[in-house]
Amino acid sequence: MLAELHVENFGLMETVRMDFGRGLTVFTGETGAGKSMLIDALGVLLGGRASIDFIRHGESRARIEGVFEDLAPEYLLRLEEAGYPVEDGQLFLFREINSTGKNVCRVQGRSIPLTLYRSLCVGLVDIHGQIEHLSLFRPETHQNLLDALGGLQDDVDLVSKAARAYQKILRKERDLSISEDERQKREEVLAFQIEEIERVNPVPGEEEDLSQERKRLSNAERISSLGSEAYAALYEGSSGKPSAFDMLGLVRKALQELNRLDESLNVHDQIESIYYSSEDLAEQIRAYRDNFEFEPGRLDQIEERLILLKKLKRFGATIQEVLAKRDTMLRELDQITHVQEQFETINQEKREALKAYEKVAKQLSLKRHEIAKNIENGLAREFADLGLEKSRFEVRFTPNDEPTTGGLETAEFYFSANLGEPPKPLAKVASGGEMSRLMLALKSLLARVESVGTFIFDEVDSGVGGRTIHRVGEKLAKIAQNKQVFCITHAAQVAAFAEAHYGIVKEVTGKRTRTRVDILSENERIEELARMLGGGEIEIARKHAQELWQRSGRGLT
């Protein structure tokens with residue numbers, strides 16, 4: 001519910017602060033005093049259009065702040081999932097309009113984009129007269145309200161689960177449902193591509209090995225020359241020059257003699273290791289040189305093989321990817337080859353899933369039609385109380401072509417205000433006083449299943465008089481037993497039922513006009529009721545006001 005509202009420099013409202021409680025709260029005042037400004041301000045707070053025309057003349061900005069409490073569990077969860085959890089049970093909303101055209105939106109003190117702000121405000125307040133907050137006049141909400149009124153959520157969940165299972169099978173069927181020509185063409189393409197890969201028969205790591213071998217064979221002459229040169233320098237010697245091995249032999253011999261003369265130079269083990277290691281190295285170089293072979297034509301074979309492997313790169317960047325692609329194509333080919341068998345399996349699954357869906361969906365449909373009749377009969381009684389005896393309300397069901405999570409049909413509310421006129425979609429036909437009373441009748445019947453905690457009715461008594469106007473007050477009071485209800489009214493018979501009464505007055509201070517909003521005491525309420533009754537002797541109007549006050553069950557203490 002809305003616990004606090006602060007409006008600053010909005011229209012003629014300079015500074016207005018109000019604290020609200022549960023039950024029915026009414027706002028009254030002379031025509032033009034600024035009652036509609038409250039609705040406009042609250043609409044802006046809830047994400048509505050924020051024109052700079054709303055800013056009080058001479059000011060640079062207008063501000064509206066609201067504090068909400070006792071929010072519905074599903075709304076609290078939505079806030080938490082969006083990252084704006086409620087603290088201490090209170091939700092803080094803030095909206096600022098600047099003369100520059102810039103808007104500031106805050107939730108829990110944090111600035112957020114208008115689009116997100118607006119989405120978070122949906123479900124807080126139901127304002128009669130602003131369609132974006134008028135849940136009953138959005139056709140997509142009708143079936144949910146019907147199910148909620150009938151306590152059918154468990155049945156709806158079963159139908160949704162069955163529908164999703166059926167739709168999953170349909171998607172699987174669509175994936176297989178390609179034409180025979182397309183299937184045959186795809187089968188030929190797959191077979192050709194698989195055969196192309198298998199004909200080459202690539203091996204992981206093969207390309208790297210071949211590239212290395214190609215490099216070695218391309219430099220065979222140089223490799224052979226370097227091997228001989230290294231062996232000669234290390235072991236054979238050349239042109240009268242001793243080899244490195246021979247030189248190491250001389251060093252080894254000298255050091256052995258030196259060690260016998262002076263044992264302090266202990267390098268015997270080192271020279272021995274170097275000497276024999278050089279001999280081993282020389283043997284490895286010789287073996288490499290002598291065993292190096294250059295098979296004629298091998299280089300051409302490698303080049304041809306690498307070209308074949310390169311052609312496979314259109315299937316993958318590496319041989320591993322090429323082989324993985326081949327496996328994928330093999331599976332697809334197997335599916336196409338055995339598609340008829342798969343269709344038979346899917347058809348059997350589809351028949352079973354459809355049978356399961358229809359069973360639970362038919363049960364839900366029967367319950368919905370029964371609840372719909374109860375709503376129609378209940379509203380007929382409500383209409384009679386509100387002077388709409390000739391009106392007619394229907395819940396109509398449109399069959400769905402395919403199994404859906406909503407069930408066999410989609411519900412929508414229809415209404416006719418005049419005898420002999422066929423009912424039409426609710427959002428298109430009701431207007432003015434009929435709209436107000438229709439809304440009141442619907443809210444009276446459905447308020448207990450609405451998650452919205454605050455209802456606002458703007459001049460719900462418009463076009464209503466006589467005994468019916470008293471019934472309007474009773475209906476509002478009844479709704480207010482479970483919801484917070486605000487009502488702007490010109491009818492004393494309605495205002496008398498309120499638990500809180502605000503008077504709206506337009507006054508001139510200095511050279512400026514402003515709108516003042518005051519909570520009225522009991523005596524002030526009697527005077528306001530007398531003013532609203534109007535006409536005739538003031539004492540008679542006051543006496544009549546006191547009678548209304550007593551009849552409403554309030555009474556002066």
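How do the pairs read when you match residues in segment 451-462 that are small (G, A, S) with residues anywhere that are in a loop (DSSP other than H, G, I, E, B), using Cβ under 7 Å and keeping only pairs 6 or more apart or on different chains? Partner pairs satisfying both residue conditions: S451/A72; S451/G123; G453/M1; G453/D70; G453/L71; G453/A72; G453/K483. For segment 288-310, a residue qualifies if it is of a type in the set (K, R) and without any contact (Cβ under 8 Å) to a residue 40 or more places away in the chain, and exactly one does: K310.
Just wondering, is there one or more residues in segment 142-154 that are in contact with an Asp or Glu (Cβ under 7 Å, 6 or more places away or on another chain), buried (at least 17 other Cβ atoms within 10 Å of the Cβ) and either farther than 24 Å from E358 by Cβ or modelled with pLDDT under 85 (or both)?
no
For segment 221-230, indicate whether the set of residues that are exposed (fewer than 11 other Cβ atoms within 10 Å of the Cβ) and acidic (D, E) is non-empty. Outline the logic, then answer.
Of segment 221-230, the ones exposed (fewer than 11 other Cβ atoms within 10 Å of the Cβ) are 221-222.
From what's left, acidic (D, E): 221.
Yes: segment 221-230 contains one or more residues that are exposed (fewer than 11 other Cβ atoms within 10 Å of the Cβ) and acidic (D, E).
Considering each residue of segment 122-132 in turn, at least one proves to be more than 26 Å from G378 (Cα to Cα), in contact with a strand residue (DSSP E or B) (Cβ under 9 Å, 6 or more places away or on another chain) and surrounded by 14 or more Cβ atoms within 10 Å (Cβ to Cβ). Of the residues making up segment 269-293, those that are acidic (D, E), within 18 Å of S224 (Cβ to Cβ) and modelled with pLDDT of 90 or more number 1. Where strands (runs of 3 or more DSSP E) sit wholly within segment 1-105, those with at least 3 residues that are modelled with pLDDT of 90 or more, charged (D, E, K, R) and under 33 Å from the mean Cα position of the chain (by Cα) occupy 61-69. Among the residues of segment 374-420, those identified as buried (at least 18 other Cβ atoms within 10 Å of the Cβ) and of a type in the set (V, I, T) are I375, V395, T404.
Right, L149: over 30 Å from T513 (Cβ atoms), more than 24 Å from the chain's Cα centre (by Cα) and not in a loop (DSSP other than H, G, I, E, B) or not? Answer is yes for this residue.
So, A244, is that one exposed (fewer than 12 other Cβ atoms within 10 Å of the Cβ) and of a type in the set (A, V, I, L, M) or not? No: the conditions fail for A244.
All of A356, A427 fail the test of being modelled with pLDDT of 95 or more, assigned to a helix (DSSP H, G or I) and surrounded by 13 or more Cβ atoms within 10 Å (Cβ to Cβ), apart from A356.
Table: residues versus (1) touching a helix residue (DSSP H, G or I) at 6+ places or on another chain (Cβ under 7 Å); (2) of a type in the set (D, E, K, R); (3) farther than 30 Å from K443 by Cα.
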position: K311; (1), (2), (3): no, yes, yes
position: I346; (1), (2), (3): yes, no, yes
position: E349; (1), (2), (3): yes, yes, yes
position: K362; (1), (2), (3): no, yes, no
position: I371; (1), (2), (3): yes, no, no
position: R381; (1), (2), (3): no, yes, no
position: T410; (1), (2), (3): yes, no, no
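Annotation for segment 430-444: no member residue is surrounded by 15 or more Cβ atoms within 10 Å (Cβ to Cβ), part of a loop (DSSP other than H, G, I, E, B), at pLDDT 85 or above and not charged (D, E, K, R). No other residue among I307, I285 is loosely packed, with under 10 Cβ neighbours inside 10 Å, within 22 Å of L217 (Cβ to Cβ) and of a type in the set (A, V, I, L, M, F, W, C) apart from I307.
For segment 454-469, a residue qualifies if it is touching a helix residue (DSSP H, G or I) at 6+ places or on another chain (Cβ under 8 Å) and either outside the structural domain of G21 (by TED's automatic domain parsing) or at pLDDT 70 or above (or both), and the qualifying residues are F455, I456, F457, D458, E459, V460, D461, T468, I469. For segment 1-30, the candidate set comprises residues that are among the β-branched types (V, I, T) and without any contact (Cβ under 8 Å) to a residue 60 or more places away in the chain; within that set, the residue that is surrounded by the most Cβ atoms within 10 Å (Cβ to Cβ) is V7.
For L234, are the conditions met, namely being closer than 30 Å to E198 by Cβ and of a type in the set (A, V, I, L, M, F, W, C)? Taking the combined requirement at face value, the residue does not satisfy it.
Checked against (1) without any contact (Cβ under 8 Å) to a residue 12 or more places away in the chain; (2) within 22 Å of G34 (Cβ to Cβ); (3) among the small types (G, A, S), A541 passes all but a single condition, namely (2).
The set of residues in segment 481-531 that are within 17 Å of L38 (Cβ to Cβ) and either of a type in the set (D, E, K, R) or free of Cβ contacts under 8 Å to residues at least 60 places away in the same chain (or both) comprises K506, E507, R514, R516, D518, L520, E528.
Is at least one residue of segment 221-232 out of contact with any Gly (no Cβ under 6 Å at 6 or more places or on another chain), free of Cβ contacts under 8 Å to residues at least 40 places away in the same chain and β-branched (V, I, T)? No, segment 221-232 contains no residue that is out of contact with any Gly (no Cβ under 6 Å at 6 or more places or on another chain), free of Cβ contacts under 8 Å to residues at least 40 places away in the same chain and β-branched (V, I, T). Looking only at segment 234-277, count how many residues are in contact (Cβ under 8 Å) with a residue 12 or more places away in the chain, more than 30 Å from R289 (Cα to Cα) and either under 60 Å from the mean Cα position of the chain (by Cα) or part of a helix (DSSP H, G or I) (or both). Residues meeting the conditions: 3.
Would you mention how many residues in segment 190-220 are among the polar types (S, T, N, Q) and surrounded by 15 or more Cβ atoms within 10 Å (Cβ to Cβ)?
Of the residues in that region, 1 qualify.
Residues of segment 377-399 that are outside any loop (DSSP other than H, G, I, E, B) and out of contact with any strand residue (DSSP E or B) (no Cβ under 6 Å at 6 or more places or on another chain): N377, G378, A380, R381, E382, F383, A384, D385.
The values are calculated or read from the model by the stated rules, or taken from the named source; none is laboratory data. Not measured: the values here are computed from a predicted model. Every residue, glycine as well, gets a Cβ built from its backbone with ideal geometry; the counts of neighbours run over all protein chains shown.
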